[in-house]
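The values are calculated or read from the model by the stated rules, or taken from the named source; none is laboratory data. None of these values were measured; they are calculated from a predicted model. Cβ: placed from backbone, ideal geometry, glycine included. Neighbour counts: every protein chain shown.
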Amino acid sequence: MKTMAILVVHHDPVCREELVSVLRGSGYTTLAADSAGSAAAQLDGQVDLMLLELTHPGIDRDAVRRALSLPDVAEPDSLEAAERRHLSLVLRHTAGNKRRAALILGISRSTLLNKVRKYQLEDG
């Protein structure tokens, strides 16, 4: 079973190391950061939990509050709207090259052309 990885962000090295020591003693994989920048660099999927000092001089409390706020739950898009948006994205990625776009999407060029017409994604 994988051990939970905890990132401790605290500006005071003594306090930070005490927290790390306690958490490691409890069996957690623990990482430490002394600044918001070094903490951000460690958030690469290896961290499950972050212990953040909110009085840290480099922490913007309002930004943390906004990041933690749950967004309003929007009604999901229809499948057609999602397909149109994805087709548009792939066509932009391929600079309009429909052959490449069809290859990326895993569909025939003629199917792509039909969808381009259906969703009015023609150039212009």
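The requirement of being in a loop (DSSP other than H, G, I, E, B), surrounded by 13 or more Cβ atoms within 10 Å (Cβ to Cβ) and of a type outside the set (D, E, K, R) is fulfilled somewhere in segment 38-53, by at least one residue.
Yes or no, residue by residue, for (1) out of contact with any helix residue (DSSP H, G or I) (no Cβ under 8 Å at 6 or more places or on another chain); (2) without any contact (Cβ under 8 Å) to a residue 12 or more places away in the chain:
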{"residue": "HIS11", "(1), (2)": "yes, no"}
{"residue": "VAL20", "(1), (2)": "yes, no"}
{"residue": "LEU31", "(1), (2)": "no, no"}
{"residue": "ASP34", "(1), (2)": "no, no"}
{"residue": "ALA39", "(1), (2)": "yes, no"}
{"residue": "LEU51", "(1), (2)": "no, no"}
{"residue": "LEU54", "(1), (2)": "no, yes"}
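Among the residues of segment 63-70, at least one is part of a loop (DSSP other than H, G, I, E, B) and modelled with pLDDT under 90. Hey, among the residues in segment 24-37 that are out of contact with any Leu (no Cβ under 8 Å at 6 or more places or on another chain) and not in a loop (DSSP other than H, G, I, E, B), which one's nearest to PRO57 (Cα to Cα)? Restricting to residues being out of contact with any Leu (no Cβ under 8 Å at 6 or more places or on another chain) and not in a loop (DSSP other than H, G, I, E, B), the top hit is ALA36. The set of residues from segment 92-124 being of a type in the set (A, V, I, L, M, F, W, C), surrounded by 12 or more Cβ atoms within 10 Å (Cβ to Cβ) and out of contact with any Asp or Glu (no Cβ under 9 Å at 6 or more places or on another chain) comprises ALA101, ALA102, LEU103, ILE104, LEU105, ILE107, LEU112, LEU113, LEU121. Scanning segment 6-16 for residues that are surrounded by fewer than 17 Cβ atoms within 10 Å (Cβ to Cβ) and either among the β-branched types (Val, Ile, Thr) or closer than 20 Å to GLN46 by Cβ (or both) returns a single hit, VAL14. Residues that are modelled with pLDDT under 85 and of a type outside the set (D, E, K, R) within segment 8-46 comprise SER35, ALA36, GLY37, SER38, ALA39, ALA40, ALA41, GLN42, LEU43, GLY45, GLN46, listed in sequence order.
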